[in-house]
Structures are given as structure tokens and as C-alpha cells.
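Peer 1: Pasting a structure below so you can have a look.
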Amino acid sequence: MSDLRELYQEVILDHHKRPRNFGPLAAANHNADGHNPLCGDRLTVHVDVADGVIRGVSFEGAGCAISRASASLMTDAVKGKSVAEAERLFEEFRQMVTSGVDQAVEESLGKLTVFCGVREFPSRVKCASLSWHTLHAALESKDTAVSTE
Amino acid sequence: MNGHAANGSAVEQVNGHAAEVAAVEQAFRPAPFNVAAVRRDFPILQQQIYGKPLVYLDNAATAQKPTSVIDAISNYYLADNANIHRGVHLLSERATAAYEGAREAVRRFLNAAESREIVFVRGTTEAVNLVAHSYARPALKPDDEIVVSVMEHHSNFVPWKMACEATGARLRVVPITDAGELRMDEYERLLCDRTRLVALGHVSNALGTVNPVADIVRLAHARGIPVLLDGAQAVPHMAVDVGALDCDFYAFSGHKLFGPTGIGVLYGKAALMDHMPPWQGGGDMISSVTLEEVRYNTLPAKFEAGTPDIAGAIGLAAAIEYLNGLDRVAAAAHEAALTRYLEERLSGFPDVTLVGRAPGKAGIVSFVMSSAHPHDIGTVLDHEGVAIRTGHHCCQPLMHRLGVPATARVSFAFYNTREEVDRFVDALARVREMFG
Ligand SMILES: Cc1ncc(COP(=O)(O)O)c(C=O)c1O
């Protein structure tokens with residue numbers, strides 16, 4: 001059930017150790033800061049949007065393995081997608097880590113399903129969703145700060 | 001375990017006259033602390049977490065309760081439950097006697113002069129808020145100052161910040177050294193004729209530092225400034241004598257003292273509390289009410305509006321009675337030995353940095369690990385059956401000062417064992433395996 005390996009899957013540990021799209025983004029036109037007061041994690045998401053499409057995305061900041069890997073996998077997943085598709089992924093992701101999703105949604109989430117184990121760890125749900133909330137805030141408006149509280 | 005250390009020092013002294021001294025010392029030395037016996041008093045400890053025996057190392061968050069406390073609460077509800085101070089019937093008299101008996105037990109525990117100086121509250125947080133509301137706010141004027149430290153728990157920081165914001169007074173913050181000790185030179189420098197109150201922690205929940213409270217009180221009193229001490233993390237580890245300390249207010253929580261949640265204590269000198277206005281209005285805190293006028297009750301009822309946590313007070317008294325039955329000096333020595341042993345074993349982890357290295361810490365080992373975030377450490381340890389606290393420990397100003405977002409914290413109680421420290425260290429090795 002709540003086996004540790006289901007939370008810390010290899011893919012997650014890999015993205016934690018070698019995060020993708022990590023660092024500033026010169027072309028960014030949307031940015032937001034995210035904060036998880038529970039564990040002190042802070043991250044910043046930079047997005048470059050043109051014609052409703054996410055051309056580039058990156059993140060910076062410090063956090064636990066779950067929040068870092070989630071941010072890393074998120075940037076991979078939304079790059080090249082439309083803003084609407086990214087928002088739909090956010091909604092599906094949120095559903096997966098809180099209540100769970102059916103097979104069709106799992107297919108749509110693809111690689112992001114490595115986070116399905118988070119559902120068994122209520123104290124870690126916020127870690128997994130911090131980057132998504134921050135991306136959402138970045139897309140909605142320019143340069144704002146969000147908190148998972 | 002502490003018996004081990006004691007024998008060592010005895011052996012060193014065995015030659016000539018020293019042997020005699022050792023024999024005399026031996027006769028007066030407390031018996032080694034019997035951990036196996038006390039563990040039997042805490043049934044919750046005998047359980048499995050994810051198939052592994054529980055190792056509970058989160059005692060600073062809340063301590064476990066001995067059977068005698070659980071029984072006292074349950075017996076109260078089974079046999080004596082009634083409201084207090086108002087019934088003429090026998091049950092009410094029994095409940096009142098038990099509740100007031102608990103107040104007297106707390107008075108003796110703290111060595112306060114009078115039992116009316118003991119006010120039952122919900123916990124440390126409520127005690128501090130009571131003083132902030134009823135003592136500080138009415139007295140504070142713009143540019144007055146309250147002295148706190150950067151290592152305070154939010155509950156001994158936010159109420160003062162709020163009082164300052166409401167009155168135009170200022171908060172002055174005593175800094176700490178890198179080892180996590182109060183800068184007493186700075187403390188003394190901050191005390192001035194604008195200081196209305198000093199509010200400091202006795203023991204830091206995040207670092208384990210034991211602050212020099214006797215000096216703190218003496219220096220403040222030399223300038224006529226009253227002192228509140230947050231004793232939440234002190235009373236579980238050491239005997240506290242508010243009479244000898246001469247502090248003006250002392251606050252603690254029952255649940256950290258092996259008692260129930262929902263009950264805590266504010267000790268305050270009658271000379272101060274007599275003049276403080278009540279902060280909540282309602283039943284029990286009045287002596288008479290007419291449509292025109294309300295007369296307030298005397299201490300301590302003035303600060304206990306409404307039906308209090310009667311069972312909680314009775315449970316707290318049972319916890320105190322339990323502690324009185326222990327050799328507390330031996331218990332403290334046992335905790336100190338566990339702390340030393342853990343720090344010694346952690347020195348074998350090059351990627352672990354201790355946070356808080358004050359000498360004589362009270363049962364707390366806070367640390368960060370370069371390879372793993374505290375949150376991940378906590379989750380992995382949990383799966384090894386080891387419960388610790390990770391996060392900012394309600395001390396965000398302190399975390400900021402130390403330049404870490406969070407720490408992992410081990411906090412001991414007297415029922416912890418050397419084997420549990422080994423289990424913790426093995427679990428930490430798992431963390432490194434996974435994230436290193
Ligand atoms: C030093 C210190 N002060 C105050 C508190 C607050 O205690 P409570 O939450 O029981 O009111 C705590 C508990 O976390 C503490 O460790």
C-alpha cells in the first residue's frame with residue numbers, strides 16, 4: 001500500500017538529483033513564486049508564452065525531493081503545450097494526488113503518473129502540487145506569489 | 001546507561017583516599033534510571049509502525065501519556081463527572097475538590113507561593129496570550145519596548161508582535177550565537193527604561209538550548225522589568241522553581257509534560273495578576289452581575305471564564321504525580337546520555353550538520369543533511385517506524401537567522417533508549433542510501 005518505493009520511484013529520485021529545466025529563463029514573460037510554509041520550500045516558475053503556447057518553462061528554488069522532482073517533470077510535460085492543455089494537466093494532476101483518477105486520465109498524464117503514490121502520503125500532497133500551483137499563478141498573471149496554505 | 005558513565009568515574013577514583021570518597025558518593029548517587037520499567041507505563045510505545053517497533057522521538061511536539069494519566073481522566077468521567085464551583089451535590093463537590101487539588105499539585109510542582117497564582121489555560125499559547133492581552137496591552141504606550149529573542153516559538157513571538165502593533169510599542173529581539181546561545185551581552189544592552197516586559201523561552205524547542213533564566217530575571221529585575229518565561233520545553237526535562245527564579249510569569253503546556261492536550265498553566269505573581277483586567281468574560285470569572293455593573297471574581301477565577309477543562313486538570317495532576325514518583329535527576333542524566341550518544345553517532349555522518357550546539361542542551365538534537373531535505377528524511381524515517389519532527393518548528397525567525405528553511409529534529413523523553421538511537425541512526429543510513 002503506502003510502500004516507500006511507491007512514493008520515491010526511480011524517476012522521481014532521478015529528477016530530484018538531476019532536475020530538468022532548472023535555472024532562469026531569459027525569454028520568460030510570466031513568473032510566479034510558490035511557497036509551502038509547512039516545510040519552508042520556495043520555488044519560482046518562469047514561463048515564456050506566445051500565442052497561447054508555452055514555448056519555454058523553467059524553475060528555480062530549493063525543496064524536498066518530491067517538490068523538486070514534481071517541478072522538473074512538470075516543466076518537461078508542459079513545454080510546447082497550449083496554456084489550456086497545461087491547465088487541464090494541472091487539474092488532472094491535482095485529482096490524481098488527492099482523490100485518484102481513472103485510466104483515461106492516467107494515460108493523459110503519462111509520465112506524471114509516477115506521482116500517484118503521493119495520494120497515500122497526505123502530508124506530501126502539497127509538496128507534489130506546489131510547482132503546479134505556481135505554474136498556474138504564473139500563467140494567470142504576471143509575477144505573483146502563491147502559497148500552498 | 002547513565003549508570004555506565006557513573007561507574008567509569010568511580011573507577012578512576014579508586015586509589016587511597018579517593019576510594020573512600022567514591023564509596024560515599026556511591027551511597028548518595030541516584031540509582032541508574034530504569035528505562036525498561038518506565039516504558040511499561042506507556043502502552044502506546046509498544047506498537048508496530050509499518051511492521052516495525054515504534055521509535056517515538058517527537059517528544060517536544062507532544063509527549064506520550066502514562067497509564068496513570070489515562071486512568072485518572074477515565075476514572076473522573078466514570079465516577080466523578082460534574083460541573084465545578086456551582087453544584088451543591090456530592091459529585092460537584094468531588095469534581096471541584098479534584099480540580100482545585102490539581103491546582104495545588106501544580107503549585108507544589110512549580111513551588112509557587114500560593115495556589116491562586118496558578119491559572120489553568122489551554123496551553124502555553126493561551127498563557128502567553130493572556131499576559132499579552134491583560135498585562136502588556138493596557139500598559140504599553142508608543143515607543144515602549146518588549147524584549148524577546150530570535151529563538152522564540154511563534155507562540156512567544158506573535159502575541160507580542162500583535163500587542164506592539166495595537167499599541168505602537170516596539171519589539172526588541174535578542175540575537176543568538178552561531179551555536180544557538182542567547183547573546184547575553186546584547187540582552188543586557190537592550191534592557192532600558194522603555195522596556196515594559198521581557199518574554200523569553202526557558203528551553204528552545206528547535207535547538208534544545210537551555211537559557212540562563214536566573215541571570216535573565218536578575219538583570220531585568222535590577223531595572224524593575226518583569227519577566228515572562230515560556231517553560232513549554234523546560235518542565236518536561238528539569239525541576240523548575242518559580243519561587244527561586246523569581247520570574248513574574250511562567251507558562252507551560254500539559255501535553256508536553258506527559259499530561260493531556262487542552263490544559264496548560266499560567267503562573268503569575270499575585271501582586272501583578274491582582275491588578276490585571278480579565279480577558280474573557282463569562283461564568284465563574286464574576287463575583288456579581290447586575291444590569292448596571294459586573295464585579296470580577298478574585299484570582300484565579302478571574303482568568304478562568306466558563307467551564308474549564310476539568311478532566312484535563314485532573315490528568316495534568318496525575319502526570320505531575322507520575323513525575324514526582326520518578327528520580328528526575330536520574331531521568332535528566334539518562335536523557336543527557338542519549339543526547340551525547342546520538343550526537344556522537346551523527347558525527348560519523350559527514351553530510352549531517354547539527355543545528356544548535358549549546359552545551360547542556362535539553363534532550364533535543366536538530367540537524368540538516370546535505371543529501372536530503374528534512375521532509376524526505378521524515379518520510380523515510382516514518383517508514384522505518386521512527387517518528388521525528390521536520391520543518392521550521394514554529395520558529396521561522398530562527399530558521400531565517402540560521403539560514404535553513406527547515407531542520408529535522410529528534411527530541412527525547414526519559415522513556416527513550418540507546419537501542420532507539422541505534423534504530424534512528426540505521427534509518428538515517430537508509431535515507432543516505434536513497435538520496436545520497
Ligand atoms: C517553546 C514552546 N513554546 C510554546 C509552545 C506552544 O505550546 P502549545 O502549542 O501547547 O500552546 C511550544 C510547543 O510547540 C514550544 O515548544
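The values are calculated or read from the model by the stated rules, or taken from the named source; none is laboratory data. This one's a predicted model, so the numbers in the text were calculated from it and none came from an experiment. A quick note on method: Cβ atoms are made from the backbone with ideal geometry, for glycine too, and the neighbour counts reach across all protein chains shown. Each accessible area value is taken on the protein alone, full model and side chains, heavy atoms only, with ligands, DNA and RNA left out. Shrake-Rupley method; radii C 1.70, N 1.55, O 1.52, S 1.80 Å.
Peer 1: Just to confirm a number: summing +1 for Lys and Arg and -1 for Asp and Glu over residues other than B:G87 whose beta-carbon lies under 11 angstrom from that of B:G87, what do you get?
Peer 2: Charge balance near B:G87 sits at +1.
Peer 1: Placing +1 at every Lys and Arg Cβ and -1 at every Asp and Glu Cβ, with all other atoms neutral, what dipole size does the range A:1-140 have around its Cα centre, in debye to the nearest 20? Show your work: numbers first, answer last.
Peer 2: Details: 15 positive and 19 negative charges, 83 e Å.
Taking the Cα centre of the range A:1-140 as origin, the dipole is about 400 debye.
Peer 1: With each pseudo-label sitting 7 Å past Cα toward Cβ, what's the A:E120-B:T261 distance in nm, one decimal?
Peer 2: With each label point 7 Å from Cα toward Cβ, the separation is 2.6 nm.
Peer 1: Further, regarding this structure: State, in square angstrom and to the nearest 100, the accessible area buried between chains A and B, both chains counted, probe radius 1.4 Å.
Peer 2: The summed interface area works out to 1400 Å².
Peer 1: Let me ask you something else. Check which residues have an amide H placed less than 5 Å from B:V355's amide H, if you skip close sequence neighbours.
Peer 2: Under 5 Å from the amide H of B:V355: B:S366, B:F367, B:V368.
Peer 1: Related question: By how many nm would the segment from B:C192 to B:D241 grow when fully extended, if each residue of separation counts as 0.36 nm and the alpha-carbon distance is taken off?
Peer 2: 15.0 nm
Peer 1: FRET efficiency for B:A36 and B:H85, Cβ-Cβ distance as r, R0 = 51 Å, nearest 0.05?
Peer 2: Taking R0 as 51 Å, the efficiency between B:A36 and B:H85 is 0.75.
Peer 1: Quote the charge dipole size of the range B:67-324 about the Cα centre in Debye, to the nearest 20; the model charges only the Cβ of Lys and Arg (+1) and of Asp and Glu (-1).
Peer 2: 240
Peer 1: Just how far, in whole angstrom, is the range B:113-132 from the range A:51-95 if you go by their alpha carbon centroids?
Peer 2: Rounded to whole Å, the Cα centres lie 50 Å apart.
Peer 1: How high is the relative contact order of chain B, in percent, with contacts defined as C-alpha pairs under 8 Å that are six or more residues apart?
Peer 2: 22
Peer 1: Follow-up. Out of residues 5 or more away from A:K81 or on other chains, whose amide H comes under 5 Å of its own, with H placed 1.01 Å from N in the peptide plane?
Peer 2: A:I54
Peer 1: Mind jotting down a quarter of the surface of the convex hull over the alpha carbons of chain B, in square nanometres, one decimal?
Peer 2: The Cα convex hull of chain B, projected and averaged over all directions, gives 24.5 nm².
Peer 1: Picking from B:I286, B:T307, B:A102, whose Cα lies most toward the positive end of the charge dipole for the range B:67-324 (charges on Cβ: Lys, Arg +1; Asp, Glu -1)?
Peer 2: B:I286
Peer 1: I need the fraction of alpha carbon pairs in the range B:67-324 separated by more than 30 Å, rounded to a whole percent.
Peer 2: 28
Peer 1: Give the aspartates and glutamates reachable from B:K65 as a straight Cα distance under 18 Å; neighbours fewer than 8 places away on the same chain don't count.
Peer 2: Cross-link targets: B:D41, B:D309, B:E321, B:D327, B:E335.
Peer 1: Now for a separate question. Roughly how big is the range B:104-221's charge dipole about its Cα centre, with Cβ charges of +1 (Lys, Arg) and -1 (Asp, Glu), in debye to the nearest 20?
Peer 2: 320
Peer 1: Put +1 on the Cβ of each Lys and Arg and -1 on the Cβ of each Asp and Glu in the range A:2-141; which of A:C116, A:I54, A:G40 then has its Cα farthest toward the positive end of the dipole?
Peer 2: A:G40
Peer 1: Between B:E100 and B:T353, how high is the FRET efficiency from 1/(1 + (r/R0)^6) when r is the Cβ-Cβ distance and R₀ = 45 Å? Nearest 0.05.
Peer 2: With R0 = 45 Å, the Cβ-Cβ based efficiency is 0.35.
Peer 1: Would you please state the base-10 log of I(q)/I(0) at q = 0.11, 0.13, 0.17 1/Å for chain A, with intensities from the Debye formula using one equal scatterer on every alpha carbon?
Peer 2: Rounded to two decimals, the profile gives -0.36, -0.50, -0.89.
Peer 1: Each residue of the range B:101-118 in turn: what ³J(HN,Hα) in whole Hz from Karplus with 6.51, -1.76, 1.60 and θ = phi - 60°, glycine and Pro shown as x?
Peer 2: Couplings: x, 5, 4, 5, 5, 5, 4, 5, 4, 8, 6, 7, 5, 9, 6, 6, 8, 9 Hz.
Peer 1: State the extension gain, in nm to one decimal, for the chain segment bounded by B:N324 and B:R340, taking 0.36 nm per residue of separation less the distance between their alpha-carbons.
Peer 2: So the chain would gain 3.2 nm between B:N324 and B:R340.
Peer 1: Please give the Cα centre distance for the range B:246-285 versus the range B:366-405, rounded to the nearest Å.
Peer 2: 32
Peer 1: Can you give the % of DSSP beta bridges in the protein assembly as shown that are antiparallel, to the nearest 5?
Peer 2: Counting only bridges with both partners in the protein assembly as shown, antiparallel ones make up about 65 percent.
Peer 1: Report, in deg cm²/dmol and to the nearest 500, the calculated mean residue ellipticity at 222 nm for chain B, where each DSSP H run with n ≥ 4 adds -39500 (n - 2.57) and the sum is divided by the residue count.
Peer 2: That calculation yields -11500 deg cm²/dmol at 222 nm.
Peer 1: Next up: Taking only C-alpha pairs under 8 Å that are 6+ residues apart, what is the relative contact order of the range A:2-141 in percent?
Peer 2: Reported as a whole number, the value is 29 percent.
Peer 1: Just add up the charged neighbours of B:T124: K/R +1, D/E -1, any other residue whose Cβ is under 15 Å from the Cβ of B:T124.
Peer 2: Values: positive: B:R122, B:K256; negative: B:E126, B:E152, B:D230, B:D309.
Local net charge: -2.
Peer 1: Per residue of A:120-128, what is the mean number of Cβ atoms on other protein chains within 10 angstrom of that residue's Cβ?
Peer 2: What the average comes to for A:120-128 is 2.
Peer 1: Additional query: Mind checking A:62-70 for the average number of partner chain beta-carbons within 10 Å of each residue's beta-carbon?
Peer 2: Average neighbour count from other chains, rounded to a whole number: 4.
Peer 1: Please work out how much length the chain gains when fully extended from A:D14 to A:A62, using 0.36 nm per residue of separation minus the C-alpha to C-alpha distance, in nm with one decimal.
Peer 2: 15.7 nm is the gain from fully extending A:D14 to A:A62.
Peer 1: Let me ask something else. In the range B:60-81, which residues have a backbone nitrogen under 14 Å from the label point lying 7 Å from B:R108's Cα in the Cα-to-Cβ direction?
Peer 2: none
Peer 1: Sorted by mean Cβ packing within 10 Å, highest first, what order do the peptides B:149-159, A:58-68, B:45-55 take? Don't jump to the answer; show the numbers that get you there.
Peer 2: On the way: B:149-159: 22.4, A:58-68: 24.7, B:45-55: 13.8.
Highest to lowest by the protection proxy: A:58-68, B:149-159, B:45-55.
Peer 1: Out of the DSSP beta bridges found with both residues in chain A, what percent are antiparallel (nearest 5)?
Peer 2: Values: 17 of 22 bridges.
About 75 percent, rounded to the nearest 5.
Peer 1: Oh, and also: By the gyration tensor of its Cα atoms, with a ≥ b ≥ c the square roots of the eigenvalues, what is the shape of the range B:355-434: rounded for a/c under 1.5, prolate for a/b over b/c, or oblate?
Peer 2: oblate
Peer 1: Work out how far the C-alpha atoms of the protein assembly as shown reach from end to end along every principal axis, then list the three figures in whole Å, largest first.
Peer 2: Ordered largest first, the protein assembly as shown gives principal extents of 79, 75, 55 Å.
Peer 1: Check which residues have an amide H placed less than 5 Å from B:V386's amide H, if you skip close sequence neighbours.
Peer 2: Placed amide hydrogens put B:V55 under 5 Å from B:V386.
Peer 1: What percent antiparallel are the DSSP beta bridges of chain B, to the nearest 5?
Peer 2: 60
Peer 1: Counting only other chains, what is the mean number of Cβ atoms within 10 angstrom of the Cβ of each residue in peptide B:369-378?
Peer 2: For this peptide, the per-residue mean of nearby foreign Cβ atoms is 5.
Peer 1: Any idea which of B:V131, B:P53, B:S68 is furthest toward the positive side of the dipole for the range B:36-161, if Lys and Arg beta-carbons carry +1 and Asp and Glu beta-carbons -1?
Peer 2: Of B:V131, B:P53, B:S68, it is B:P53.
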